[in-house]
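What follows is calculated from the coordinates using simple rules that are stated; it is not laboratory data. Computed from a predicted structure; not experimentally measured. Note that we place each Cβ from the backbone using ideal geometry, even for glycine, and neighbour counts take in every protein chain shown.
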Amino acid sequence: MTPAGLAPSDPTPGTDPGLVPGVTPGLEPGDAAGTEGAADDVPGVPGAALPHPRRTTDPASYLHAEAPGPLLAEGTAADVYAVDDETVLRRYRTSRESCSEVAVVGHVVDHGFPAPRVLAHGGADIVMERLHGPTLLQSLAAGETTIPDAGRILASLHERLHAIPAPPGAIDDGSAAAGPVVVHLDLHPGNVILTERYGPALVDWSNAGAGSAAVDVALTALILAEVAVDAGGVYSQAARALLASFLTATAVPVLDALDEATRFRTGDPALVVGERELVPAAAQLVRELVAVAGRD
Ligand SMILES: Nc1ncnc2c1ncn2[C@@H]1O[C@H](COP(=O)(O)OP(=O)(O)OP(=O)(O)O)[C@@H](O)[C@H]1O
Ligand SMILES: [Mg+2]
């Protein structure tokens, strides 16, 4: 069911507000049509995999192209271009290397986790499978996904991801955040695409690596809480409700990992202006809602 005015298209530049507290989000959800079926799926359960069409062009030929295609979406760190119907090129705006996240994505895809298959990479560019559908954030804004369902989708993605052992050779730096499983460390509704092919799928693997499931879950709680405590933010009430739903849906205790998640979040260089200041109040809100839920 596509609400009037929501054109069926991929996430459009500037319309994915991301869960960035302090930034006024655009309110035009992109591909609402893509939620049909997907939003009604049991959260986290992928649809049947469809065969991939045969590619006729070498994906590596798109690397470093001056004009890879129309701009599909702008994140805070990267631009995503539509190369063709099956392919996107994600390009960091800085000279950051993409190879560590490529290894993690390859590993999780090999384990059947719903993430875009990497086709080629080099320098700041990744050519990858194009996922069709709205982000979970867009779908929430369009009223296509309910808040309890969104909480379950986020919890389910965490659960499935943390069932995957860390990739061989992943660096365990001995920090409290280190751990034995794959972690995403930026799992929020702006990074989930609701696809028909895979069900809810996860993008933006720039922070991913080996780590602790509890820290990953606590980080999602913290990111949602940042939006909730952002006074005057368009999504603050909805984010508080989503945080409560997420805390109900996840079986992972978050309080023990909250300090480590707070440290990680505060030190994340990708935070935008105003975001870092919200982290302490966000952590406090997570504590309060965990207490209300009688959890941990
Ligand atoms: N494989 C893909 N297929 C289709 N769309 C994608 C794909 N990867 C990313 N996108 C779109 O591009 C947007 C930005 O991508 P991504 O989150 O990787 O960039 P970013 O700069 O790291 O974002 P952030 O603002 O979260 O830091 C996503 O929210 C999504 O809408
Ligand atoms: Mg993102």
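Just a few scattered comments:
- Net length available on complete extension from Arg96 to Leu255 is 54.0 nm, with 0.36 nm assigned per residue and the Cα-Cα distance removed.
- Cα lying deepest toward the dipole's positive end in the range 152-296, options Ala208, Ala218, Gly179, charges on Cβ: Ala218
- Hydrodynamic radius by Kirkwood, which averages 1/r over all alpha carbon pairs of the range 136-292, in angstrom: 15.6
- Karplus-based coupling profile of the range 251-258, in residue order and whole Hz: 8, 8, x, 9, 5, 4, 9, 5, with θ = phi - 60° in 6.51 cos²θ - 1.76 cosθ + 1.60 and x standing for Gly or Pro.
- Scanning residues 5 or more positions from Thr195 or on other chains, those with amide H under 5 Å from its amide H are Ala201, with H placed 1.01 Å from N in the peptide plane.
- HN-Hα J in Hz across the range 162-167 - Karplus 6.51, -1.76, 1.60, θ = phi - 60°, x for Gly and Pro: 6, 7, 9, x, 4, x
- Val83 long-range amide H proximity, modeled H, under 5 Å: Val88, Leu89
- Whole-Hz Karplus values for the range 192-203 come out as 10, 10, 8, 9, 6, 5, 10, x, x, 10, 10, 10 Hz, taken residue by residue from phi with 6.51 cos²θ - 1.76 cosθ + 1.60 and θ = phi - 60°; glycine and proline positions read x.
- Scanning residues 5 or more positions from Leu119 or on other chains, those with amide H under 5 Å from its amide H are Val127, Met128, Glu129, with H placed 1.01 Å from N in the peptide plane.
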